[in-house]
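Heads up: the structure comes next, in structure tokens.
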């Protein structure tokens, strides 16, 4: 079983626990494509089998979130689970917030929260912070493509954020509050998209367990190439089939449009074989997701 399950993670469950559930159901090696905090909900793509080899090729894909900024004060975790460290100073007007949001788009630097999964000397920062140890984080680059103000929610606002991988939405909420002089934190987070994976075709863990009991998990399995639709797709000529399935570099002259440094999806007999990159005069395979016996 090789491919992806597009899961709808519920709040209160870790991404790692979701992976373990799918590993139990499938008996395959599994991994997730982008951690969601335990209290967050939404899209969590799970890689199964040889799809785990593709993580580096789509993990940086664009992501989309709906978040609620609560202007009731700032917390040490920058979300609703933390301890209040700055009292709220009222809710900004809608026009004040709307004017501030464009300053947080584009390529920015974020100071990661102390309570995060980043590691210091091999130990997750949140463990050090919970133990009362001093945690030092360094600013990290992030990309925020757009922030759309949706509506007010009493003492807060809902916003929709499109961004690159590695962006901390709770830090964004915290920083927006600081910029307005009105301490804030993230009260709610729903991830609605990770690259090609959207919330509209997610499946719940309860549905997965039911399908597992009825031996029909494959109904929800997406193919390995599903998140790679933006890659050029090339067909390997019949005479080079054996070389390709064994990972042998192929002459670049066989493939029109394969420019230097371009990553391409390679197909054999119409089936996705792997990803190759043009290097000089050859196409070198970077990853193969099928066993050569499948093409015999």
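Starting from the Cα gyration tensor of the stretch 63-194, take the square roots of the eigenvalues, sort them a ≥ b ≥ c, and report rounded, prolate or oblate (rounded when a/c is under 1.5, otherwise prolate if a/b is larger than b/c, else oblate). Oblate shape, in that a/c is at least 1.5 and b/c is the bigger or equal ratio.
Summary value for the stretch 63-194: 43 percent relative contact order, contacts being C-alpha pairs under 8 angstrom separated by 6+ residues. Anyone know which of 182, 151, 191 comes out most mobile in the 10 Å Cα GNM of the chain? Looking only at 182, 151, 191, the largest GNM fluctuation is found for 151. Percent of Cα pairs in the stretch 1-87 per distance bin of 5 Å, from zero to the largest separation: 3, 13, 21, 18, 16, 10, 8, 6, 3, 1, 0. Dividing the Cα radius of gyration of the stretch 164-249 by 2.2 N^0.38 Å, with N the residue count, gives 1.81. In terms of its alpha-carbon gyration tensor, the stretch 184-296 comes out oblate; a/c meets the 1.5 threshold, while b/c is at least as large as a/b. Using a/c under 1.5 as the rounded threshold, could you call the stretch 200-254 rounded, prolate or oblate? The axes a ≥ b ≥ c are square roots of the C-alpha gyration tensor eigenvalues, and prolate needs a/b larger than b/c, oblate otherwise. Prolate, because a/c is 1.5 or more and a/b exceeds b/c.
Per residue, the average separation of C-alpha pairs within less than 8 Å and at least 6 apart gives the stretch 118-262 a relative contact order of 9 percent. Rounded to the nearest angstrom and listed largest first, the equivalent-ellipsoid semi-axes of the stretch 143-191 from its Cα gyration tensor are 17, 13, 10.
Quickly estimate the mean residue ellipticity at 222 nm for the chain, helices only: each DSSP H run with n ≥ 4 gives -39500 (n - 2.57), and the total goes over all residues, rounded to 500. Calculated mean residue ellipticity at 222 nm is -4500 deg cm²/dmol. For the stretch 231-295, the Kirkwood radius over C-alpha pairs fed into Stokes-Einstein at 10 °C and 1.306 mPa s yields D = 140 µm² per second. In terms of packing, defined here as the mean over residues of other Cβ atoms within 10 angstrom, the peptides 139-150, 270-281 line up highest first as 270-281, 139-150. Sorting 170-181, 99-110 by their mean Cβ neighbour count within 10 Å, with the most densely packed peptide first, gives 170-181, 99-110. All C-alpha pair distances within the stretch 164-205, sorted into 5 Å bins from zero, spread as 6, 18, 20, 18, 15, 11, 7, 4, 0 percent across the bins. Counting only DSSP beta bridges with both residues in the stretch 63-194, the antiparallel share comes to about 95 percent.
The antiparallel fraction among DSSP beta bridges confined to the chain stands at about 90%. Distances between every pair of Cα atoms in the chain, grouped in 10 Å steps from 0 to the bin holding the largest one, split as 6, 24, 27, 23, 14, 5, 1, 0 percent. DSSP finds beta bridges in the stretch 231-295, and of those with both partners inside it, around 80 percent are antiparallel. Cβ-to-Cβ counts within 10 Å put 282, 268, 48 in ascending order as 282, 268, 48, the fewest first.
Readers should treat all values here as calculations from the given coordinates under stated rules, not as data from a laboratory. What you are looking at is a predicted structure, and each value in this text was computed from that prediction instead of being measured. All Cβ positions, even for glycine, are placed from backbone atoms using ideal geometry, and neighbour counts span all protein chains on display.
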